[in-house]
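Student: Take a look at this one; I'll ask things after.
The values are calculated or read from the model by the stated rules, or taken from the named source; none is laboratory data. Not measured: the values here are computed from a predicted model. Virtual Cβ from ideal backbone geometry, glycine too; neighbours counted across all protein chains shown. Heads up: the accessible areas ignore ligands, DNA and RNA and are worked out on the full protein's heavy atoms, side chains in. Shrake-Rupley method; radii C 1.70, N 1.55, O 1.52, S 1.80 Å.
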Amino acid sequence: MSDSLHIVCPHCTAVNRIAKQRLNDAPRCGKCSKALFTDHPLELRSDNFSRHIGRNDIPVVVDFWAPWCGPCKMMAPAFEQAAAQLEPGVRLAKLNTESEPAIASQYAIRSIPTLVIFENGHEVARQPGAMGGPDIVNWVRSNS
Ligand SMILES: [Zn+2]
């Protein structure tokens, strides 16, 4: 059991079991056959949030943002860059706090952008404020 990881598919949210040593071999979803890692952050919504946060055996980094937030838009390319570097050991995801205010309020997001690292459904680190790509990568690696 400890040699495999549960990975939630970013496309169909099926929970896949992937051998640890196969994680870097571009694994595909057993249900929808699409790539489990695309080097891009996935979009979280109320209908997939708890599944991605709760069922992944890898850390999930969530960018809480909003379309009207200038610093959030500035950080978006840096977050994309970080996704390309951190996957597949880490899942990167974005949560639009404007369209999903209930989730933002559940996690008491006071300012955006805010990055939160979840492991096994629990928050393990939080960082408010925009960061550059290398800073995001370093912060995630030192906190997960
Ligand atoms: Zn799938």
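Student: Would you check which residues across segment 120-144 are assigned to a strand (DSSP E or B) and open to solvent by 60 Å² or more (accessible area, probe 1.4 Å) and list them?
Tutor: Step one: of segment 120-144, the residues assigned to a strand (DSSP E or B) are 122-128.
Listed by number, the residues that qualify are HIS122, GLU123, VAL124, ARG126, GLN127, PRO128.
Student: So, ASP47, is that one within 16 Å of the ligand (Cβ to nearest atom) and either exposed (fewer than 15 other Cβ atoms within 10 Å of the Cβ) or assigned to a strand (DSSP E or B) (or both) or not? Walk me through it before giving the result.
Tutor: On the way: within 16 Å of the ligand (Cβ to nearest atom): yes; either exposed (fewer than 15 other Cβ atoms within 10 Å of the Cβ) or assigned to a strand (DSSP E or B) (or both): yes.
When the stated conditions are applied, ASP47 passes them.
Student: Would you pick out the residues in segment 91-107 that are under 22 Å from ASN56 (Cβ atoms) and of a type outside the set (S, T, N, Q)?
Tutor: ARG91, LEU92, ALA93, LYS94, LEU95, GLU100, ALA102, ILE103, ALA104, TYR107
Student: Quick check on segment 72-92. Is at least one of its residues out of contact with any helix residue (DSSP H, G or I) (no Cβ under 6 Å at 6 or more places or on another chain), farther than 22 Å from SER144 by Cα and buried (at least 21 other Cβ atoms within 10 Å of the Cβ)?
Tutor: Looking through segment 72-92, at least one residue is out of contact with any helix residue (DSSP H, G or I) (no Cβ under 6 Å at 6 or more places or on another chain), farther than 22 Å from SER144 by Cα and buried (at least 21 other Cβ atoms within 10 Å of the Cβ).
Student: Taking ALA82, is it closer than 24 Å to ALA19 by Cα, under 12 Å from the mean Cα position of the chain (by Cα) and without any contact (Cβ under 8 Å) to a residue 60 or more places away in the chain? Let's see the steps before the verdict.
Tutor: On the way: closer than 24 Å to ALA19 by Cα: yes; under 12 Å from the mean Cα position of the chain (by Cα): yes; without any contact (Cβ under 8 Å) to a residue 60 or more places away in the chain: yes.
It is true that ALA82 is closer than 24 Å to ALA19 by Cα, under 12 Å from the mean Cα position of the chain (by Cα) and without any contact (Cβ under 8 Å) to a residue 60 or more places away in the chain.
Student: Name the residue that is nearest to the ligand (Cβ to nearest atom), counting only residues in segment 50-69 that are over 20 Å from ASN96 (Cα atoms) and assigned to a loop (DSSP other than H, G, I, E, B). Before the answer, list the steps.
Tutor: Initial filter on segment 50-69 (over 20 Å from ASN96 (Cα atoms)): 55-58.
With the extra rule that they be assigned to a loop (DSSP other than H, G, I, E, B), the set shrinks to 56-58.
Details: ASN56: 13, ASP57: 16, ILE58: 16 Å.
Only one residue tops the list, namely ASN56.
Student: Scan segment 106-119 for residues that are charged (D, E, K, R), surrounded by 13 or more Cβ atoms within 10 Å (Cβ to Cβ) and part of a loop (DSSP other than H, G, I, E, B) and report the count. Spell out the reasoning first.
Tutor: Taking segment 106-119 first, the residues charged (D, E, K, R) are 110, 119.
After this cut, where a residue has to be surrounded by 13 or more Cβ atoms within 10 Å (Cβ to Cβ) as well, the list is 119.
When the remaining residues are screened for being part of a loop (DSSP other than H, G, I, E, B), the result is none.
Matching residues across segment 106-119 total 0.
Student: Hey, another quick one. Any residue in segment 4-29 that is without any contact (Cβ under 8 Å) to a residue 60 or more places away in the chain and open to solvent by less than 40 Å² (accessible area, probe 1.4 Å) sitting within a Cβ distance under 6 Å of a residue that is small (Gly, Ala, Ser) and outside any strand (DSSP E or B)? List the pairs, counting only those 6 or more apart or interchain.
Tutor: ASN16/GLY30; CYS29/ALA14
Student: Right, here's the next one. Looking at the structure I just gave you, is ARG28 within 12 Å of the ligand (Cβ to nearest atom) and not aliphatic (A, V, I, L, M)? Outline the logic, then answer.
Tutor: Values: within 12 Å of the ligand (Cβ to nearest atom): yes; not aliphatic (A, V, I, L, M): yes.
Taking the combined requirement at face value, the residue satisfies it.
Student: Scan segment 33-60 and report the pairs whose first residue is within 14 Å of PHE118 (Cβ to Cβ) and whose second residue is surrounded by fewer than 18 Cβ atoms within 10 Å (Cβ to Cβ) and of a type in the set (Val, Ile, Thr), with Cβ atoms within less than 8 Å and a gap of 6+ or a chain change.
Tutor: ASN48/THR13; ARG51/THR13; ARG51/VAL15; HIS52/THR13; ARG55/VAL15; PRO59/VAL124
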